[in-house]
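To keep things clear, I will list the structure first and then write my remarks on it.
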Amino acid sequence: MQRNTPKKPSQQDWDAIDIKAALYKKGITLSGLAQAHGLKDSSGLSVALVRSFPAGEKRIAEALGMHPMAIWPSRYHEDGSRKPQGFRSLQFNAASVARNSKGAATGGEIAKAA
């Protein structure tokens with residue numbers, strides 16, 4: 001007999017279209033939001049829709065009345081802090097892999113000796 005257990009909802013980022021629709025429902029456009037923040041054009045906000053751009057993410061999320069993590073969960077840790085992006089991400093991952101491989105080698109040598 002098979003159990004039908006519901007899966008946990010996946011933490012996926014909103015689509016750009018969904019973000020624009022949510023803004024539209026509040027009567028806000030990216031151009032209007034950019035003007036409200038004193039920006040020349042909405043390109044900085046548009047960038048946040050497709051890749052990490054903390055300032056743009058924050059402005060869009062504030063306009064929707066939520067935390068950026070609710071819109072882009074892949075860009076944030078569960079505690080709300082930002083995940084490393086770009087080159088920092090590569091540095092962070094390389095350091096943690098190096099640390100973990102050293103620990104694994106030590107642990108393996110101890111296990112063999114025992």
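Restricting the search to the stretch 27-37, which residues are surrounded by fewer than 18 Cβ atoms within 10 Å (Cβ to Cβ) and not in a loop (DSSP other than H, G, I, E, B)? Outline the logic, then answer.
Initial filter on the stretch 27-37 (surrounded by fewer than 18 Cβ atoms within 10 Å (Cβ to Cβ)): 27-29, 31-32, 35-37.
Hits for the stretch 27-37 are 31, 32, 35, 36.
Scanning the stretch 38-52 for residues that are buried (at least 16 other Cβ atoms within 10 Å of the Cβ) and either assigned to a loop (DSSP other than H, G, I, E, B) or not assigned by TED's automatic domain parsing to the domain that holds residue 64 (or both) gives 39, 42, 52.
The values are calculated or read from the model by the stated rules, or taken from the named source; none is laboratory data. Remember, predicted model here, so these are calculated numbers, not experimental data. Counting neighbours? That spans all protein chains shown, and the Cβs are built from the backbone with ideal geometry, glycine included.
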